[in-house]
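A short write-up of the structure that comes next.
The values are calculated or read from the model by the stated rules, or taken from the named source; none is laboratory data. Since the structure is predicted, the reported quantities are computational estimates derived from the model, not experimental observations. Ideal geometry is used to build each Cβ from the backbone, glycine not excepted, and the neighbour counts take in all protein chains shown. These area figures cover heavy atoms from the full protein model, side chains too; ligands, DNA and RNA do not enter into them. Shrake-Rupley method; radii C 1.70, N 1.55, O 1.52, S 1.80 Å.
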Amino acid sequence: MTISSPSTIPNWEIKRLLEYYLADPGFLEKMRAEPLQAAESCGVNFDPLLVQRLWDRESAAREDNPSEASYRQYINSKLDLRERIRREGEPLDPTYRSWRARQINRLPWELGPHKSESIIHAPFAVELCKGCSVGCWFCGIAAEKLREHFVYTPENSELWKGCLTALKDLMGKGAAKWGFCYWATDPLDNPDYEKFCVDFHDILGMFPQTTTALAHKDPARTRALLKLSQSKDCPLNRFSILTLGLFRKIFAEFSAEELSEVECLAQNKESQLNKAQAGKVRDKLKKQAEKAGEDFVDNPNGGTIACVSGFLLNMVERTLRLVTPCLPSDKWPLGYKVLEEGTFEDGPGLRQLLGGMVERRMARDVSDLPFVKLESFIHHEELEDGFQIASAFRRIRKTDSEQAEYLKLLGRALVEGTHPPAVLALNLAYQTGVPAPRTMATLQAFFEKGLLVEEMAS
């Protein structure tokens, strides 16, 4: 029976309709012309005109009805979850905590407010395979082909639990619980994925969120995973759906209510969702530019799919990398920086490596830096009474007619990037009479915003 009252439409029914609308560019006209048939084709049982304001900008409706208002509240709860992860993902270790805060402050300058708001800065991610079987053409981190699984043997189980405990001890349980178990991998490639997730829950107190492009491959396994994760209070899972055919297959297999807490991401070529211009997409765009005889320039609005400011572990190779999101570039084509890499053999070895990376790569304050230099995405402009620094999205002007020479010298030094902070402050004090603490305070402010290159002395 088709629902005819706007106050009785479940949120998951509206969610399914809008997910299909995002996936299929022709679906809007279908809803306008034959709304009931369009709804039936994607497996929902209400008249789309009841929530027309949610999908039709040309709608004549003037006010939200109860179902529209309820759905907006439902979506806001998802956005609140993103902010909760970012807030609760703050590590226990004070040096790591302040480093992560700088990465969060940096990204609105580098990627813009819209892109940066979507990045949760998770504390860690773990690959339970080497490579991925899916081979998405748009993969933002250019995953290689699947080569090997990390199998849940007694030995590997002990290693896994030791690694989780080491991560918890560095970050605190409240932050570490927001890690997850995939990266350049699909979690369902690993036949023992669920066992690793149960250990994750037992040690860190959270069943990790799953994002998979293989939900259709074994529906019984997918359904069991969703049931298990929900029983352990996992707040969200995601299906990446690569074609309209798979959209139809998944919607036929799973009811709207079953997928009420699953984001169905339309990754098909017709989708309205934009792909990050990193990894394979960046490679494709670069080749197109070269073929046309044009210079390739990374788009400041291109974004990244990287969402970890912390550590990447691969359990097959037993490797650890310290990473943070960034604008894709020739140096960092996958949209994240790798600040250090290392290997470990067991839990104690990982614990030592984690602590060493924090000590070696995370400054406590600006005085720890071997030199002060503006990040590459920051542009400097000298002004008559000082200087301005700006990215594509934000800017700061430092001007003072009485201290113009001092400010110009400071701006030039930040571009040159050859001076240790204390030495620069003393040099400017000698040249201009401006007290060194004032310069150090300015440098510290730029440092905390994430605008200075953070390379520690080796």
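General observations
- In sequence order, calculated HN-Hα J values of region 413-421 (Karplus, 6.51, -1.76, 1.60; Hz; x Gly/Pro): 5, 5, 6, 5, x, 10, 9, x, x
- Neighbours of residue 377 by Cβ distance under 15 Å: Lys/Arg scored +1, Asp/Glu scored -1, total +3.
- Nearest-0.05 FRET efficiency for residue 429 and residue 261, computed from C-beta distance (R0 56 Å): 0.45
- Close amide-amide hydrogen proximity is noted between residue 46 and 3, each under 5 Å apart and 5 or more residues distant or on a separate chain (H modeled in the peptide plane; Pro and chain starts excluded).
- Beta bridges per DSSP with both ends in the chain, % antiparallel, nearest 5: 60 percent
- Cβ charges +1 (Lys, Arg) and -1 (Asp, Glu), total dipole of the chain, debye: 80 debye
- Here r is the Cβ-Cβ distance between residue 32 and residue 145 and R0 is 30 Å; the resulting FRET efficiency, rounded to 0.05, is 0.10.
- Placing dummy labels 7 Å off each Cα toward the beta-carbon, the span from residue 87 to residue 455 is 3.8 nm.
- Given [x] 1.90; [y] 1.00; [z] 1.10, the label whose value is Cα Rg over 2.2 N^0.38 Å derived from this model: [z]
- Candidate lysines - alpha carbon under 16 Å from residue 168, same-chain residues fewer than 8 apart omitted: 177
- Between amide H atoms placed 1.01 Å from N, distances below 5 Å from residue 118 occur with no residue 5 or more places distant or on a separate chain.
- Working from Cα pairs under 8 Å separated by at least six residues, relative contact order for region 26-181 is 21 percent.
- Amide H contacts under 5 Å for residue 336, placed H, 5+ residues apart: 326
- Centroid-to-centroid, using Cα positions, region 56-134 and region 164-195 are 18 Å apart.
- Here the contact order of the chain, divided by its residue count and restricted to Cα pairs under 8 Å and six or more residues apart, works out to 16 percent.
- Note on region 6-45 and region 387-458: Cα centroid distance 55 Å, given to the nearest whole angstrom.
- Karplus-based coupling profile of region 366-373, in residue order and whole Hz: 5, 5, 6, 6, x, 7, 10, 8, with θ = phi - 60° in 6.51 cos²θ - 1.76 cosθ + 1.60 and x standing for Gly or Pro.
- Pairs from the list 115/280; 30/249; 291/337 with a Cα-Cα gap above 24 Å: 291/337.
- Between 0 and 90°, nearest 10: helix 279-291 axis offset from the chain longest Cα axis: 80 degrees
- Sulfur and carbon atoms: percent of accessible area, the chain [1.4 Å]: 49 percent
- Taking 0.36 nm per residue of separation and subtracting the current Cα-Cα distance, fully stretching the chain between residue 173 and residue 269 would add 30.6 nm.
- Average accessible surface area per residue within the chain, 1.4 Å rolling probe, Å²: 47 Å²
- Pairwise centroid distance, computed over Cα atoms, of region 300-379 with region 210-289, Å: 28 Å
- Using θ = phi - 60° and Karplus 6.51 cos²θ - 1.76 cosθ + 1.60, couplings along region 329-344 (whole Hz; Gly, Pro as x): 7, 4, 6, 10, x, 8, x, 8, 7, 10, 8, 6, 10, x, 10, 9
- Distance between modelled label sites at residue 223 and residue 388, nm, 7 Å Cα→Cβ extension: 6.1 nm
- Computed from label points 7 Å out along Cα-Cβ, the spacing between residue 367 and residue 199 is 4.3 nm.
- The residues packed around residue 415, meaning those with a beta-carbon under 13 Å from its beta-carbon, carry a net charge of -1 if Lys and Arg are +1 and Asp and Glu are -1.
- Taking all Cα pairs closer than 8 Å and separated by 6 or more residues, the relative contact order of region 385-425 comes to 35 percent.
- Charging the Cβ of each Asp and Glu at -1 and of each Lys and Arg at +1, and nothing else, the dipole of region 66-172 about its Cα centre rounds to 280 debye.
- Furthest towards positive pole of dipole, 201, 231, 293, structure part region 190-318, Cβ charges: 293
- Overall shape: oblate for region 75-162, with the ratio a/c of the largest to smallest alpha carbon gyration tensor axis at 1.5 or above and b/c at least equal to a/b.
- Net charge in the neighbourhood of residue 67 (other residues with Cβ under 12 Å of its Cβ; Lys, Arg +1, Asp, Glu -1) is -1.
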